[in-house]
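Down below is the structure, laid out as structure tokens.
The values are calculated or read from the model by the stated rules, or taken from the named source; none is laboratory data. This is a predicted model, so every value here is computed, not measured. For neighbour counting, all protein chains shown are included, and Cβ atoms are generated from backbone atoms with ideal geometry for every residue, glycine included.
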Amino acid sequence: MRVLLHAKFPHEQFNAAVRDGTVGKKMARLLEELKPEAVYFAEYGGRRSALVFVDLADPSHMPALAEPFFLAFGADVELHPAMNLADLERGGLEALGKKW
């Protein structure tokens, strides 16, 4: 199952990693472990954020997705199921529309 992981970084911890020069190394190690399909960095609600798309083979792997962000940066993490266009097409929207 494809999952969108949204990590929101606290200013103080992330700033400390920027200042001491470890932010790049920490982020690279984290992303190397997760092997995301895609990752984007953006501002969200005034905070630095990462939007990471990962293929999750089993729900029991959720802690392995979130914990690195918690431990490395003290980030707030949300996990959301996500679909690509092919998934959406298989979702049966037309049948649901007719039913409801």
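Key figures for this structure:
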{"quantity": "Check on GLU37, in contact with a strand residue (DSSP E or B) (Cβ under 7 Å, 6 or more places away or on another chain) and either within 18 Å of VAL3 (Cβ to Cβ) or at pLDDT 95 or above (or both)", "calculated": "yes"}
{"quantity": "Any chance ALA72 is of a type in the set (A, V, I, L, M, F, W, C), over 10 Å from the mean Cα position of the chain (by Cα) and under 18 Å from GLN13 (Cβ atoms)", "calculated": "yes"}
{"quantity": "Condition check for VAL39: β-branched (Val, Ile, Thr), free of Cβ contacts under 8 Å to residues at least 40 places away in the same chain, part of a helix (DSSP H, G or I) and surrounded by 10 or more Cβ atoms within 10 Å (Cβ to Cβ)", "calculated": "no"}
{"quantity": "Selection within the stretch 56-100 - surrounded by 13 or more Cβ atoms within 10 Å (Cβ to Cβ) and among the acidic types (Asp, Glu)", "calculated": "ASP76"}
{"quantity": "Failed criterion for PHE53 (all others in (1) in a helix (DSSP H, G or I); (2) surrounded by 14 or more Cβ atoms within 10 Å (Cβ to Cβ) hold)", "calculated": "(1)"}
{"quantity": "Which numbered condition HIS80 misses (of (1) part of a helix (DSSP H, G or I); (2) in contact with a Leu (Cβ under 8 Å, 6 or more places away or on another chain))", "calculated": "(1)"}
{"quantity": "Tally, over the stretch 1-28, of residues that are over 19 Å from PRO81 (Cα atoms), of a type in the set (D, E, K, R) and in contact (Cβ under 8 Å) with a residue 24 or more places away in the chain", "calculated": "1"}
